[in-house]
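Take a look at the structure below.
All of the numbers you see were taken from the coordinates with simple rules; none came from a lab. Because the structure is predicted, anything quoted here is derived from the model rather than measured. All Cβ positions, even for glycine, are placed from backbone atoms using ideal geometry, and neighbour counts span all protein chains on display.
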Amino acid sequence: MPASGHSYLRDLGSDVEESDVSPMDFESVFRRYASYVSTILFRTLGDRSDVEDLVQDVFIDAFKGIDNLEEPEALKGWLAVIAVRRARRHIRKKKVKSFIGLDDLAVAPELIETGASPEHEALIQQVYENLQRLSANDRLAWTLRHVHGMTLKEVSAACECSMSTTKRRVARAEEKLQKAMEHD
Amino acid sequence: MTDLHEKFAEIRDDIKPEWDDDDTERALANVPKRRAQRRRRKQIGGALALIAVVGVAGLVAINTPTGSISAPNQIDMVAELPTGVVGQPTSSAFALRDGSNVAPGPNSTVTLVESTQGADRVELEDGAATFTISAAPNRRVYVLAGKVQFEAERTTTFEVRKSSDYVEVFVVNGSVLVTTQGEQVTLEKGARKQFPLEDSDVGAVPIVFAPDSVAEAVEVAEAEIDAKTEPTPAAAADRDIDIERPAQDEWERLAQEREWKAAARALDDAEPDTIEQLLLAADVRRYAGQPIKALPYLQEVAAEHRGDSRAAMAQFQKGRILMNAGQHADAAAAFASVRKMPANGAVAEDALSREVEAWFRSGDRDKARNRAESYLEAYPDGYRAKVVRRYGGITSP
């Protein structure tokens, strides 16, 4: 991958379609990072439904904008950015649908390890239930930081916002979660 | 008490998403299917937009004096428009000498006041009209609505609506110079503003924006937001990842063309993201006749951008929607929360006055009176003082 972008995209000409890209390149990137992307989506959404579609969307979107990458090492971060964008849209869409009665905000339990203790399982459920009540941005910042374990800098890059905004969002989410869980 | 995130860190490992190599292979094998699905969605969106355009074209054709009820293409429609007659009020579309055209809306009246070699003057008497102005050197087109004058600065399409107390303009394309009582402002594509209808003998008044539309708040607050929250692409470039600017969605394009119904349909399948998109999405829902569906977007703006003056406008708008929906107590609560928002300067007075009205309509006369007293104390000469007194049950001094 050259510093200025992907030669295999450039060499195909300016009107290259995403489907014209060598399937080997797409497939190898997909195989290498699908698990990473799915983990971000699982942990931020707390829900397995639609994750397969979202993973596919992330890679399709990523290959559309892959020319924007200046460094090959940034690929993983680039995928995280797109995964977060997709997750954000998904959360908001679900909220709107739930608002107009087309969807509910139920929490799916399948992301909990089968060997987890009942206390841990209950806490995870409780946290994810309360995460539904947060704004999409606050929820994403908190889950990326404290569930996915990203550093603040990584969260900031993935959420495409400044470090101070990230800190604010994480703190706000934490405060709201604490309060909500005290009342549960 | 232990911080939640500390407690959660201990059990983070218990969150194990189920995704293995089989999932990867299955997802990869289904990528072509997903692409086809995405393409179909895009095509359906495009087809809906096309249907909407044809529908609108048909409606405009029916309104033309030719009486044609077929759906000719737009070039034919323009060619068939009769030239306007000076001094004759009309509710039908007509063309000006330079090929510009004027299309009054339903129950609307416009008059070609003057037509000379150098200029046309058109007055919007009642209702609304769309003006499509051709750029012609040495020739000007002036549109008057009350004391407000609009002049296209190049090839421009704009809409003007006149109500009993204000004039609203929306610039679909191009750029419009607005002159009102000695003040001038240029509005570019996508801008929507309202101008109060004042008596001419009041003297020059500043151009103020009535807090009726959330979209206009975008401009009111533009100067305030740069230093806040979201990063600019330039700032993002400093980081490792080059940020892609998302392409404009179909619903946004339709919204800019004021195809509200089509935009609303396209919006069903979209996810507004930025504050601008959320506000536009709310406008789309409102203008498409789905005000209740605007509420989640407005709520999101109010919750996520609290320090931004647009958040106060969004909350204000939410109050108005709830009020119109008959949910007066909820509306009052929404207006009350506007007052507590940090950047509410543009709507604080209005919010308080509407809160009085909302409490009155909810049947809580005590609260209505209490809020009315607060209003009169804060704004003794407020422009809504008369209305506030009425709803608050306070006799004039």
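Set Lys and Arg Cβ to +1 and Asp and Glu Cβ to -1, take the dipole of region B:94-168 about its Cα centre, and tell me which of B:G105, B:G118, B:Y142 lies farthest positive. Ranked along the dipole, the leading option is B:G118. Within the set B:K193/B:K340; B:K189/B:K367; A:K179/B:K340; B:K162/B:K318, which residue pairs have Cα atoms separated by over 31 Å? Beyond 31 Å between Cα atoms: B:K189/B:K367. Distance between the modelled labels on A:D25 and B:A29, one decimal in nanometres: 2.6 nm (7 Å Cα→Cβ projection).
Sorting the segments B:149-157, A:27-35 by their mean number of nearby beta carbons within 10 angstrom, highest to lowest, gives B:149-157, A:27-35. Think of each Lys and Arg Cβ as +1 and each Asp and Glu Cβ as -1; about the Cα centre, that makes the dipole of region B:251-397 roughly 700 debye. Per residue of A:27-33, other chain Cβ atoms within 10 Å of the residue Cβ number 2 on average. Within a straight-line Cα-Cα reach of under 19 Å, A:K64 can be paired with the following lysines, leaving aside sequence neighbours fewer than 8 residues apart in one chain: A:K76, B:K33, B:K42. Using a ≥ b ≥ c from the Cα gyration tensor of region B:293-389 (square roots of the eigenvalues), is it rounded, prolate or oblate, where a/c under 1.5 gives rounded and otherwise the larger of a/b and b/c decides, a/b for prolate? In terms of gyration-tensor shape, oblate. Within the shell defined by Cβ-Cβ distances under 14 Å, the residues around B:R371 carry a net charge of +2, with Lys and Arg each +1 and Asp and Glu each -1. When only alpha carbons are used to place a centre, region B:148-175 and region B:299-352 end up 27 Å from one another.
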